[in-house]
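Heads up, the thing below is written out as structure tokens.
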Amino acid sequence: MSTLFEEVPASFGDDVPVRRVTLTVNGEQRAANVEPRLLLAHLLRNGFRLTGTHTGCDTTNCGACTVLYDGVPVKSCTMFAVQADGHDIGTVEGLATASELHPIQEGFKDEHGLQCGFCTPGMMLAAKALLDENPNPSEDEIRWALSGNLCRCTGYQNIVKAVMWAADKLGGAADDSDDGSADGAGSDAGEEG
Amino acid sequence: MALDEIKIGGLGASRRRVEDNRFIRGKGNYIDDIVLPGMLHMEILRSPLAHARIRSIDASAAWAIPGVRMVLTGEMLAARNLAWMPTLSYDTQAVLATDKVRFQGQEVACVVADDPYIAKDGCEAIVVDYEPLPPIVNPTQAKAPDAPLIRDDKTGQDSNVVFDWEVGDREGTDRAFAEADVVSTIEMHYPRSHPSPIEACGSIADFNRATSKLTVYMTTQAPHIIRAAVALVAELPEHMIRIVSPDLGGGFGNKVPVYPGYVVSILASILLERPVKWIEDKSGNLISTGFGRDIYLKGEMALRNDGRILGVRMHTDSDHGAFFSDAQPSKFKVGLMHSAFSCYDIGAAHLTAQGVYTNKAPGGVAYRCSFRVTEAMFFQERMVQAAASDLGMDQAEFRRINLVRDDDFPHRTPWGFLTDSGQYGKCLDLGLEAIGYEDFLRQKEEARRRGRLLGIGISTMTEPLGAGNSREYDILGIKMFDSAELKVHMTGKALLRTGAKTQGQGHETTWAQIVAHELGIPAEDVLVEEGDTDTAPFGMGTYASRSTPVAGAAVAMVSRKIRAKARRIAAHLLEVSEEDIEWELGRFSVRGAPDRGVTIQECAIAAYSNMPDGMEPGLENNAYYDPPNLTWPFACYIATVEVDPETGVWDVLRVVAVDDCGVRINPMIVEGQIMGGLTEAYAMANMQFITFDEDGNCIGSNYMDYLLPTAWETPGFELHEVVTPCPHHPIGAKGIGECATVGGPAAFVNAVIDAIGDAGVRNIDMPLLPDRVHEAITAGHDVSGAPPVKTEP
Amino acid sequence: MYPSRFRYEAPATVAEAIALLADANGEAKILAGGQSLIPMMKLRFAAPAMLIDINGIAGLDYHHPDADGTYRIGALCRHADLEKSAALAASQPTMAAAAPVVADPLVRTRGTLVGSLCHADPQGDWASVMVSLGGSIVAQGPNGRRSIAVNDLIDGPFQTVLAADEIAVEAVVPAAIGTRAGGYLKLERRVGDFATVGVAVSAEMSGATVSRAGIGLTGVGPATINAAEAAGSLVGTSLDGDALDTAAQLAAEAAQPRSDHRGSADYKRHVVATFVRRIGEQIQRSGQEAA
Ligand SMILES: Cc1cc2nc3c(=O)[nH]c(=O)nc-3n(C[C@H](O)[C@H](O)[C@H](O)COP(=O)(O)OP(=O)(O)OC[C@H]3O[C@@H](n4cnc5c(N)ncnc54)[C@H](O)[C@@H]3O)c2cc1C
Ligand code: FES
Ligand code: FES
């Protein structure tokens, strides 16, 4: 970003405390000046324009804002941006590499684990945290781990399947390092990437 | 060789969704993701009281906060004749309150500021002096002789009654009751509920003084209707208004009406000449935007001892809140409530309905529902269960006796609807077999002997979808048709636009499949766009499960127009007469010489480079589709439950769903719709409701108390299908978006009532909270009415 | 959704935090997991002038038993740490039963047990668990440390006896006489919901006989309820049917529930009794299995 010019809100009086935060977002070093009251979700969305992190409630119930905070899934609407200073944040935008989707993303698409897509980033990150810790979860373990995330559209059954799909694929990749095109993606007629 | 339709993503392909490519990357474009240069932010100050006169509003402290750009009050709006707006039901609704507040959460003032935090600071700084008035929170209070008048703003309104309505055959029904062996009676309440998409509402209004153009990005399921409404309310020329509905984080009916936040953001943008963004918070969404349901029923059935239903009499009292703003066809005062019992062969039926104003949020939107059919089908299936038990008959057998038979179609219902197709008995039998009905009844008896309570609930129903047919269905006089526009480019790729608006149903995927089916253009070669009134053809939007029945039909029809033109081009290219051209998917060939042919893509390029003499160039067209009738999908939902007799807690054991929604365009998406709908049905039955205390305080105005089920308690679903094509829909589809939400709740409630049947209980009103179930079991009486909320010292 | 302005401090030591608290004259709040405080600030039910974030203070995230069996939970030990702990499951059955039912999995990664005690929500699960265990907290202020029994800590709904310049640095569960047994049952409308009724029963067993017992009740009174009489009635019994009936009855009487949209007062009392009996039977059964 250019250092020549940064607009600051004219409304900021000198009495408004602003702090510098430096953090890692999806592997990249970022810094910003923030008011302490700014929620982490809003720094990501409005500050860094990573709008994949959604906000779906004001009572910390929906989990649409889920991000990984040093690898741990948290509701980013219930942390202040200043609390991310010096920490590592993972958002949905960091799941895929330039060339490849993360298996969880593929699983959600292949198993129709989303409809409106609003809960999806949060669901996928909560699922990622689960699979990082427990690569082979049972259906109950998946349902339990996702019970802090609300979805109004899908009825969850396909979300559970999506996570299982991803677990299979991730497990498969560890077992044998073939090209991973064995099952799931690509098997269904009429599909495209 | 003919194309493989499944391979090109045509009809019947479980094609993976196109829209997912952006959603799984976090690259959706929802309202709050949109940022315009110089954009300001608006927040709403809401009334803490349900009914109060406004003595004064002092906003001076808010104006003084650095970063606050404008404070808008009702008085300012009144000066511009904007304090009130028309509703979809020919009533008026306050934009910002001037005289009184009429429900808790009503919009009182708006603050526009540099960021939403400051806007909120501004709201907090406004001082409103209220004089409390007695609140009315249910129809009984509303109709009491000395009830305070809620709508004293309306001349000629001298009571709280909104409407009295009657439909059906009064005398015929009286005769049926006179002949009855048994009359079965039941009273119920379908509690107030909220569609509650995870994404709340919002808008960004951007008025450009230089061009006089107003662009509004807005969470709306019906952009064209909104454009018309904005033109009328804001008195702006319609061609200078552009409504863009971006990706929607769910809708379910919540994003059909016009809300004050939209209107004020538009006015603020006009006054400030800067883009103004309003993003509603969840509490604002739950406390003030269109609720669903809130109807009381008294139902009676005239029965013969052999199990036949002779007649049905129903009376409903509906609670519409402070402003009558239901979204529904203008001719029907409680929507399609009178579609009840359409799947049964009954003699006569009669419905009286009264609607009242109360000090509750306005709305009565059709929450995942075609205009109140959810209440109709729920009441129907609860009445059916009560009737079977009054006759001492098995509930499945009772249904089998009364369901309309396959050879009775077309069938005229006693209310005058025409149902045209179905295999109701087959669906029921399939469901019973899948759940193992006889086995379960045995298990249930065995369990009962050991003190465990198992129950099974059935719900069978057909519901009218796909309004309209323009003779009978209009909203504010605008006829309920829909539209599609297809542009086939030179290289055979295509752009399709419709007047519908997807909210998660996957239109971008399925519409392309219809084109693939009709034209043989691979679905991946068809880009689907919706939601921008500057580019999309005029349409009525997506709600009431009308997209596939109406807009989907328009897609098929426009594709056929394109095919007809392509056929002429093919004849020209193949140098034969049109009559000698045969069509197979994706290709025209010469009759008798199948090797001589041209593909649709070859026709496309010819349309721009080598068209016959006298033919207009290009391969583009549009279609406006006015359906001849509603579509009538059928469903049979069966749930089994176990109730803990000690605590009243109940768990779902299994759920079987048999859906006949006609031809399935994308089976994967159809199943997704069913599972989502069943989840909302389960939620309704178990936990999801909004109630009010005696002061009119809304209980359920955030996700702490308005409970949506999580992955943990949501049961698994076992899905089955029967396909009876719709006889009048171009591809035989009937619609599936809401069947499970409509038909599902009764299956769960019936199952719980069945489980505790020995207690002699006929009814527990939803939600079946453990304490209500426990009370029914221990006291042996019905538990009816909105869950009580007492304010104890 | 948008909290009011505040000053933010992130001290590196408990001493610095106390100094900041002392300077703030009651205008500051400690920020631990933030899972109660931030939701209240977002709704503007709370608007502290200053937040003192203790998350950067090292060495507070522990939970472990001392050699004598005393169990210590540091101020930054998260609900999720407890939920996943094998050590806790082996030695603290009541806590182990409660940990997974506090809030939801994402809230549990941030929320702390000590923060929950300081928050003194009548619907908070940990307070009744701690009351049943005879637990306490260690409060540190400018003049050093003091121990406060959780039973005495909670002064009313959302009120504690902590002084404005005191921080709770840890919670302590005393060592058991004999074997620890217990359980926590929670009636919630949905997973992740606050309790409609929560019952914590903790017992210390000498063989099949109860040598010490505690019962804490969640969500059925203006504050956490210590059903001491009910618990007392279990001492000396072997949790037989009669003993459990008596305790269940007394616990139901100790509850002070209100009728609301979650259920009637009578129903909530009934559930208290049912849960006391169920946990008692559970303890008895597992005792028999162990024997
Ligand atoms: C959606 C949701 C559901 C929930 N459900 C439940 C539930 O079912 N059961 C339940 O028990 N809880 C529930 N909670 C609350 C949750 O458990 C909180 O984590 C807990 O109540 C507070 O802990 P905290 O560390 O987050 O405290 P904070 O929010 O940081 O602080 C809470 C209060 O305690 C004070 N405080 C915190 N730590 C200290 C300290 N060390 N010394 C002095 N003062 C301190 C703070 O100043 C503040 O006033 C829920 C929360 C949410 C958002
Ligand atoms: S926005 Fe709902 S939990 Fe964060
Ligand atoms: S896909 Fe719409 S909320 Fe989950």
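What the table shows:
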{"read-out": "Scan of region B:179-201 for residues that are more than 16 Å from ligand 3 (Cβ to nearest atom) and within 14 Å of chain A (Cβ to nearest Cβ), ordered by number", "value": "B:Ser193"}
{"read-out": "One residue from B:Arg412, B:Arg400 being over 17 Å from B:Thr460 (Cβ atoms) and at pLDDT 95 or above", "value": "B:Arg412"}
{"read-out": "Any hit, region C:82-103, residues being part of a strand (DSSP E or B), away from ligand 1 (no atom under 11 Å from the Cβ) and in contact with a strand residue (DSSP E or B) (Cβ under 9 Å, 6 or more places away or on another chain)", "value": "no"}
{"read-out": "Residue, farthest from the chain's Cα centre (by Cα), within region C:17-45, restricted to residues that are closer than 17 Å to C:Gln159 by Cα and free of Cβ contacts under 8 Å to residues at least 24 places away in the same chain", "value": "C:Glu27"}
{"read-out": "Single match in A:Ala64, A:Ala129 (criterion: more than 16 Å from ligand 3 (Cβ to nearest atom) and of a type outside the set (Val, Ile, Thr))", "value": "A:Ala129"}
{"read-out": "Test for A:Pro121: is it within 16 Å of ligand 2 (Cβ to nearest atom) and in contact (Cβ under 8 Å) with a residue 60 or more places away in the chain", "value": "yes"}
{"read-out": "Selected residue [over 15 Å from the mean Cα position of the chain (by Cα), assigned to a strand (DSSP E or B) and more than 12 Å from ligand 1 (Cβ to nearest atom)] from C:Ala176, C:Ala181, C:Ala230", "value": "C:Ala181"}
{"read-out": "Residue in region A:100-108 that is surrounded by 24 or more Cβ atoms within 10 Å (Cβ to Cβ) and closer than 18 Å to A:Gly27 by Cβ present", "value": "yes"}
{"read-out": "Sole residue being surrounded by fewer than 24 Cβ atoms within 10 Å (Cβ to Cβ), among the acidic types (Asp, Glu), touching a Phe, Trp or Tyr at 6+ places or on another chain (Cβ under 9 Å) and touching a residue at least 60 places away in the same chain (Cβ under 8 Å), chosen from B:Asp294, B:Asp317", "value": "B:Asp317"}
{"read-out": "Of the criteria (1) out of contact with any Gly (no Cβ under 8 Å at 6 or more places or on another chain); (2) within 12 Å of chain B (Cβ to nearest Cβ); (3) away from ligand 3 (no atom under 16 Å from the Cβ), which one A:Ile104 fails", "value": "(3)"}
{"read-out": "Leading residue by the ranking (nearest to ligand 2 (Cβ to nearest atom)) among those in region A:131-152 that are of a type in the set (A, V, I, L, M, F, W, C) and within 9 Å of another protein chain (Cβ to nearest Cβ)", "value": "A:Leu150"}
{"read-out": "Filtered residues of region C:17-38 (kept if away from chain A (no Cβ under 13 Å) and more than 6 Å from ligand 1 (Cβ to nearest atom))", "value": "C:Ala17, C:Ile18, C:Ala19, C:Leu20, C:Leu21, C:Ala22, C:Asp23, C:Ala24, C:Asn25, C:Gly26, C:Glu27"}
{"read-out": "Residue in region C:118-137 that is more than 30 Å from A:Glu133 (Cα to Cα) and β-branched (Val, Ile, Thr) present", "value": "yes"}
{"read-out": "Strands (runs of 3 or more DSSP E) wholly inside region A:38-138 that include at least 2 residues being within 16 Å of ligand 1 (Cβ to nearest atom)", "value": "A:66-69, A:72-75"}
{"read-out": "Of the criteria (1) at pLDDT 95 or above; (2) within 24 Å of B:Ser370 (Cβ to Cβ), which one B:Pro329 fails", "value": "(1)"}
{"read-out": "Which numbered condition C:Asp61 misses (of (1) in a helix (DSSP H, G or I); (2) among the acidic types (Asp, Glu); (3) touching a Cys at 6+ places or on another chain (Cβ under 7 Å))", "value": "(1)"}
{"read-out": "Selected residue (only one of A:Leu23, A:Leu39 is away from ligand 3 (no atom under 16 Å from the Cβ), in contact with a His (Cβ under 7 Å, 6 or more places away or on another chain) and either modelled with pLDDT of 95 or more or β-branched (Val, Ile, Thr) (or both))", "value": "A:Leu23"}
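Every residue, every condition in (1) under 30 Å from the mean Cα position of the chain (by Cα); (2) within 14 Å of chain C (Cβ to nearest Cβ); (3) at pLDDT 95 or above, yes or no:
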| residue | (1), (2), (3) |
| --- | --- |
| B:Thr741 | yes, no, yes |
| B:Val749 | yes, no, yes |
| B:Val752 | yes, no, yes |
| B:Gly760 | no, no, no |
| B:Met766 | yes, yes, yes |
| B:Pro770 | yes, yes, yes |
| B:Gly780 | no, no, no |
| B:Ser784 | yes, no, no |
| B:Val789 | yes, yes, no |
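The values are calculated or read from the model by the stated rules, or taken from the named source; none is laboratory data. Keep in mind that what you see is a predicted model, and the values were worked out from it rather than measured. Positions of Cβ are backbone-derived with ideal geometry, glycine not excepted, and every protein chain shown enters the neighbour counts.
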